[in-house]
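Laboratory data are not the source of any read-out in this text; all were calculated from the coordinates shown. Since this is a predicted model, take the numbers as computed values, not measurements. A quick note on method: Cβ atoms are made from the backbone with ideal geometry, for glycine too, and the neighbour counts reach across all protein chains shown.
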Amino acid sequence: MTRDEAMRLAPCPSRDVDVSRTAEGLFRLSVPVAVRPALAGLAKRLGVWDGRVLRKTVELDAIGSFVWERIDGRATVGELAVALAERYGLDRDEAGLAVAAFLRQLGQRGAVGFVGGK
């Protein structure tokens, strides 16, 4: 996939992510954590895990919250980068790299997926 193709993708929140806000108005994401079957079996036998879905919580900073608030399955990665550049006075290429890295991390954690862009 080329950079231009990636910038036309639209990130969308995963159905599995639970979203809340901190007292400061920033976003807090809770995503399920995959447990390897061998470790799950051992943890159950040792009595340290009851089999419920484990979750990892991630608190976003102001920039991450700014981007997260705009992730709706319609706004493309490129559009998010432009919005970030305008809001924080960044170079568009710098903003594009920052948004791409942020979305890559969220994707690896299962917090976002991507749909074909415009």
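So, in Å, what gap is there between the alpha-carbon centers of region 65-84 and region 1-64? Result: 19 Å between the Cα centres.
Per-residue Cβ neighbour counts within 10 Å put T57, T76, T2 in the sequence T2, T57, T76, beginning with the fewest. Against the main long axis of the alpha-carbon atoms of the chain, helix 92-108 sits at an angle near 20°.
Computed over the alpha-carbon pairs of the chain, the distance histogram in 10 Å steps reads 13, 39, 28, 14, 7, 1 percent, short to long. Nearest 500 deg cm²/dmol is fine: what mean residue ellipticity at 222 nm does the chain get from its DSSP H runs of n ≥ 4 alone, each adding -39,500 (n - 2.57), divided by its residue count? -13000 deg cm²/dmol, from helical runs alone.
Taking 0.36 nm per residue of separation and subtracting the current Cα-Cα distance, fully stretching the chain between V33 and F114 would add 27.2 nm.
Put in order of Cβ neighbour count within 10 Å, fewest first, the listed residues E24, E59 become E24, E59.
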